[in-house]
1. State which residue pairs qualify: first residue under 21 Å from Pro164 (Cα atoms) and inside the range 1-22, second residue modelled with pLDDT under 95 in any location, beta carbons under 7 Å apart, and separation of 6 or more residues or different chains.
2. Applying the selection to the range 238-251, what residues are free of Cβ contacts under 8 Å to residues at least 40 places away in the same chain and open to solvent by 40 Å² or more (accessible area, probe 1.4 Å)?
3. Taking the residues in the range 187-214 that are within 18 Å of Asp46 (Cβ to Cβ) and free of Cβ contacts under 8 Å to residues at least 40 places away in the same chain as candidates, determine which candidate is least open to solvent (accessible area, probe 1.4 Å).
4. Please enumerate the residues belonging to the range 252-283 that are within 14 Å of Leu184 (Cα to Cα), in a helix (DSSP H, G or I) and open to solvent by 20 Å² or more (accessible area, probe 1.4 Å).
5. The conditions are (1) surrounded by fewer than 23 Cβ atoms within 10 Å (Cβ to Cβ); (2) on the phi < 0 side of the Ramachandran plot; (3) assigned to a loop (DSSP other than H, G, I, E, B), and Gly151 fails exactly one of them. Which is it?
6. Which of (1) open to solvent by 50 Å² or more (accessible area, probe 1.4 Å); (2) without any contact (Cβ under 8 Å) to a residue 40 or more places away in the chain does Arg230 not meet, given it meets every other one?
7. Looking only at the range 154-165, count how many residues are out of contact with any Leu (no Cβ under 9 Å at 6 or more places or on another chain) and open to solvent by 20 Å² or more (accessible area, probe 1.4 Å).
8. Just one of (1) within 23 Å of Ala7 (Cα to Cα); (2) free of Cβ contacts under 8 Å to residues at least 60 places away in the same chain; (3) outside any helix (DSSP H, G or I) trips up Thr131, so point out which.
Amino acid sequence: MSRHSPADARMVEVENGVYAYVQPDGGWCLNNAGLITAGGRPALIDTAATEARALALREAVAAVAPRPPRYVVNTHPHGDHTFGNRFFADDAVVIAHEATRAEMDLAQLHLTGLWPEVCWGDLAVELPTLTFREPVTLHLGDVRAELTHPGVAHTTNDTVVWLPEQGVLFAGDLVMNGATPFCLTGSVAGTIDVLGKLRALGPRVVVPGHGPVGGPELLDTAEQYLRWVRELAGRGLAAGLTPLETAREADLGPYAELLDSERLVPNLHRAFAEAGGAPPGHPLDIGLLFSEMVEFHGRLPECHA
């Protein structure tokens, strides 16, 4: 049973005609979406995990947009950001990085099997119909939305959406506010590098993939956590510990209040691998990482979608 129903989500106007759709509390599968209506050609950034949440998002979009979204942009392939595509695809072109499409096609609805108690609804994977390799720009009337793959970070194929005139950055899961960063299939070092690139844009508003909207301080907080993970990994390696043992001995300190703290285990696996010379995004045993995360948590992580 979810602690937060779809009715708890809020459409927040962060700049004129630019919105963040925020689903509390921002934990597992409770993601944010974005909406741009200012140019009269609406674009939606990410969707939602379940049928009920996607339909609630569609209603919220209809309440502020002059027409259904013409475009849907997926920031990365995870189901909480993409499973709702099918509820917008009749009117919209779905856009993503080409590797995002490939990963969605490979994963299909695998995420639903991790939490069978969630009421996922009538889902089917709606793959992007337009993909890109190099940066592309959506011209939404007078609004420019720049779509860029900044590097390996949360995944190997993240996309950020930057509105330079409005100073709004839709960061996807590169940034989470109040929830633990997550590099299961990406990179600790890569995320730190990408956060520097995003900071250089000079955003005034940062819409994270999970949690409340903030400013550029969200980039700093994410980087501080990941630098701590990297330092923790160094100490664990020096002591001859495994990532799981290192996590168990760690003092979470200022990060103890973050949601989904069990993500520390796969983050440490990434940091250990990178300390050993593995490049960003190097394939790891994702099943093992997830199982150790469950072991650290003592049970399956809570998903309240």
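The values are calculated or read from the model by the stated rules, or taken from the named source; none is laboratory data. For clarity, every value in this text was computed on a predicted model and none was experimentally measured. Counting neighbours? That spans all protein chains shown, and the Cβs are built from the backbone with ideal geometry, glycine included. Ligands, DNA and RNA are stripped out before the accessible areas are found, and what is left, the full protein with its side chains, is counted by its heavy atoms. Shrake-Rupley method; radii C 1.70, N 1.55, O 1.52, S 1.80 Å.
1. That search, which allows pairs on different chains as well, returns Asn16/Ala38; Gly17/Ala38; Val18/Ala38.
2. Ala238, Ala239, Gly240, Leu241, Thr242, Glu245, Glu249, Asp251
3. Val206
4. Hits for the range 252-283 are Ser261, His269, Phe272, Ala273, Glu274.
5. Checking Gly151 against (1) surrounded by fewer than 23 Cβ atoms within 10 Å (Cβ to Cβ); (2) on the phi < 0 side of the Ramachandran plot; (3) assigned to a loop (DSSP other than H, G, I, E, B), the one that fails is (2).
6. (2)
7. 2
8. Failed condition: (1).
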